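All remarks here apply to the structure that follows.
The values are calculated or read from the model by the stated rules, or taken from the named source; none is laboratory data. None of the values given here were measured: they were computed from a predicted structure. Cβ: placed from backbone, ideal geometry, glycine included. Neighbour counts: every protein chain shown.
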Amino acid sequence: MADDQEKTEEPTPKKIEDARKEGNVPKSQDASGVVTLFVAILAFLMLFPFMAKHMILLFQYYFSLIGSEIDKTSMIEIALVTIREFLLMVLPLAIAVAIAGVIAAFAQFGFLFTSKAIMPDFKKIDPIKGTKNLFSVKKMIEGIKVTFKSFTTLGIGFIFFFYFITELPTVALFGLHDQLIWLKDKMIVIASVMLFIIFIFAIIDVIIVRKQYFDGLKMSKQEIKDEMKNMEGDPLIKSKIRQIQMEASRKRMMAEVPNADVVITNPTHYAVAIKYDAEKSHAPIVIAKGMDNIAQKIKKIARENHVHIVQNPPLARSLYNEVEVDKPIPETLFAAVAEVLAYVYKMNKK
């Protein structure tokens, strides 16, 4: 009994789907950070000429104000111009980063919309539970991980940054445009180094997050049994099972058509395949039957396998309505079926 309660089994598709509906999905923040930073670097490179142009225009505007009297109206104008230029420089980059964040999330767990994750849960603001969570082992481990990753990434980035600072006395002699080019090049180097480090952490984090996620969804044997019982009572599941069973039965029936002695049809609507084996049955057996599309498929298979097709609408309708597949024909239809079989045997020279 203890083994039934231990969560040793992999989660079922239904358990994973239920967790997904509640917004519980494996999401690595590091992986999202890598994608976001990579897109930010690309967007910055593509937008740099545009951003540099507006930066220069903004400085030229400031230089044009030298010697001018600054009053309340001009202060408002300066603020509006500054806000406008900064928005023009920053907004395209911010939009690209936002789109990257959406793409990163979509790549990890696909499209997901659920309101459960944002529904208020007053249990979450329980101060006692909140204090326990704050000082839990899991939180401590997460804090150590974040601290280690942050110090490693920023530390290596700072080494490169410190090295570049030594170039500032020389860069100070450059023109504004050349200074911006230098700044762009150094930012790319630092960002690329940090991106590589974060990428390594992201791979490790994705593996850990997915393992923790599926470990957290593991089920006991009893839970799997209970889930199966509940699913069997679900009308949709029952309907799906019946559909699968009918499809399998239809395939088996179609596979028997080439063995038939004759297919009796109402030219367009009905088709019934008959087989008679005196050693196995005292009466002919209906081995396949169908209406409309299925009837057409039965006739097609019969033609492909050189099985005789005989048109007899009244007999075809009677056989279809009165006899189930794999059942012998009733005595009331013996004479009519015998007549058809005699004709077929004569054609086959039996």
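Among the residues making up the stretch 172-186, those that are at pLDDT 80 or above and surrounded by 12 or more Cβ atoms within 10 Å (Cβ to Cβ) are PHE174, GLN179, ILE181, TRP182, LEU183, LYS186. Residues in the stretch 64-78 that are polar (S, T, N, Q) and more than 59 Å from the chain's Cα centre (by Cα): SER68 only. Using the structure shown, decide if PHE164 is assigned to a helix (DSSP H, G or I), farther than 27 Å from PRO13 by Cβ and more than 32 Å from the chain's Cα centre (by Cα). Yes, satisfied. From the residues in the stretch 191-231 that are β-branched (Val, Ile, Thr) and more than 24 Å from the chain's Cα centre (by Cα), which one is surrounded by the most Cβ atoms within 10 Å (Cβ to Cβ)? By that ranking, first place goes to ILE198. Would you call ALA107 among the aliphatic types (A, V, I, L, M), in the same structural domain as VAL206 (by TED's automatic domain parsing) and either over 21 Å from the mean Cα position of the chain (by Cα) or within 30 Å of ILE190 (Cβ to Cβ) (or both)? For ALA107, the condition - among the aliphatic types (A, V, I, L, M), in the same structural domain as VAL206 (by TED's automatic domain parsing) and either over 21 Å from the mean Cα position of the chain (by Cα) or within 30 Å of ILE190 (Cβ to Cβ) (or both) - is met.
For the stretch 236-259, what are the residues that are among the aliphatic types (A, V, I, L, M) and in contact with a helix residue (DSSP H, G or I) (Cβ under 7 Å, 6 or more places away or on another chain)? Within the stretch 236-259, ILE237, MET254, VAL257 meet the criteria. Residues in the stretch 65-84 that are surrounded by 10 or more Cβ atoms within 10 Å (Cβ to Cβ) and either outside the structural domain of HIS54 (by TED's automatic domain parsing) or of a type outside the set (A, V, I, L, M) (or both): SER74, GLU77, THR82, ARG84. Against the list (1) at pLDDT 80 or above; (2) exposed (fewer than 12 other Cβ atoms within 10 Å of the Cβ), the condition SER239 fails is (1).
Residue-by-condition table, conditions (1) surrounded by 15 or more Cβ atoms within 10 Å (Cβ to Cβ); (2) within 20 Å of LYS299 (Cα to Cα):
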| position | (1), (2) |
| --- | --- |
| LEU315 | yes, yes |
| TYR320 | yes, yes |
| VAL323 | yes, yes |
| ASP326 | no, yes |
| PHE334 | no, no |
| LYS346 | no, no |
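Among the residues of the stretch 166-184, are any hydroxyl-bearing (Ser, Thr, Tyr) and farther than 25 Å from LYS7 by Cβ? Checked against the condition, which is being hydroxyl-bearing (Ser, Thr, Tyr) and farther than 25 Å from LYS7 by Cβ, the stretch 166-184 yields at least one hit. A search for C-beta distances below 6 Å between a residue of the stretch 272-295 that is at pLDDT below 85 and any residue that is surrounded by fewer than 20 Cβ atoms within 10 Å (Cβ to Cβ) and assigned to a strand (DSSP E or B), counting only pairs 6+ apart in sequence or on different chains, returns SER281/PRO328. Looking at this structure, is MET51 crowded, with 16+ Cβ neighbours inside 10 Å, modelled with pLDDT of 80 or more and either assigned by TED's automatic domain parsing to the domain that holds HIS177 or of a type in the set (A, V, I, L, M) (or both)? Yes, satisfied.
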